[in-house]
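What follows is one structure encoded as structure tokens, with my remarks underneath.
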Amino acid sequence: MTKAKRWIQEWFAPRWTQRSVALVLGLFTAAFFQPDISANDDLKSASPDRVEVYKTIGGISLRMHIFDEQPEATKPRAAIVFFFGGGWVGGNPKQFFPHCRYLAQRGIVAMAAEYRVRSAHQTTPFECVKDAVSYTHLTLPTSDLV
């Protein structure tokens, strides 16, 4: 069995179905949700409340940019992770900083993830998606964020 085929089977295994659906819903949300940042300077110049490394691979540290205006909250809250667009070739998590700040102002923990891309790391789409899967499957279920 090829590495790609094995990876696809693991990704779509029944135990991952709920997380896969959540990831797809997040992608649709990112595609259609556009806050009006034209009149809001806070959103235009948004920066994360904190940045954490979620994965280190081949000497590359991948960071999660976290927007959380209520870090002392004691009850679970909604969360969303944005993965920037760029066809796995390029891009930057800053693309979603205004979105993240907008949601954080409304009590949602919002995160913008880095992942490896071809222009900077000479990777294929498989490695890019593996980075996203690493974050969503390994970090979120044990996170103290939500």
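Filtering the stretch 88-118 to residues that are β-branched (Val, Ile, Thr) and more than 16 Å from Leu43 (Cβ to Cβ) leaves Val89, Val109, Val117. Taking the residues in the stretch 53-80 that are of a type in the set (D, E, K, R) and loosely packed, with under 14 Cβ neighbours inside 10 Å as candidates, determine which candidate is nearest to Gln95 (Cα to Cα). Top of the filtered list is Arg77.
So which residues in the stretch 69-84 are in contact with a helix residue (DSSP H, G or I) (Cβ under 9 Å, 6 or more places away or on another chain), without any contact (Cβ under 8 Å) to a residue 40 or more places away in the chain and over 17 Å from Ser45 (Cα atoms), if there are any at all?
Residues satisfying the conditions are Gln70, Phe84.
Considering only residues in the stretch 83-121 that are touching a Leu at 6+ places or on another chain (Cβ under 9 Å) and closer than 24 Å to Gly59 by Cα, the one that is surrounded by the most Cβ atoms within 10 Å (Cβ to Cβ) turns out to be Met111.
Rule-based calculations on the coordinates, nothing more; no lab input. For clarity, every value in this text was computed on a predicted model and none was experimentally measured. Here Cβ is always computed from backbone atoms with ideal geometry, including for glycine, and neighbour counts include all displayed protein chains.
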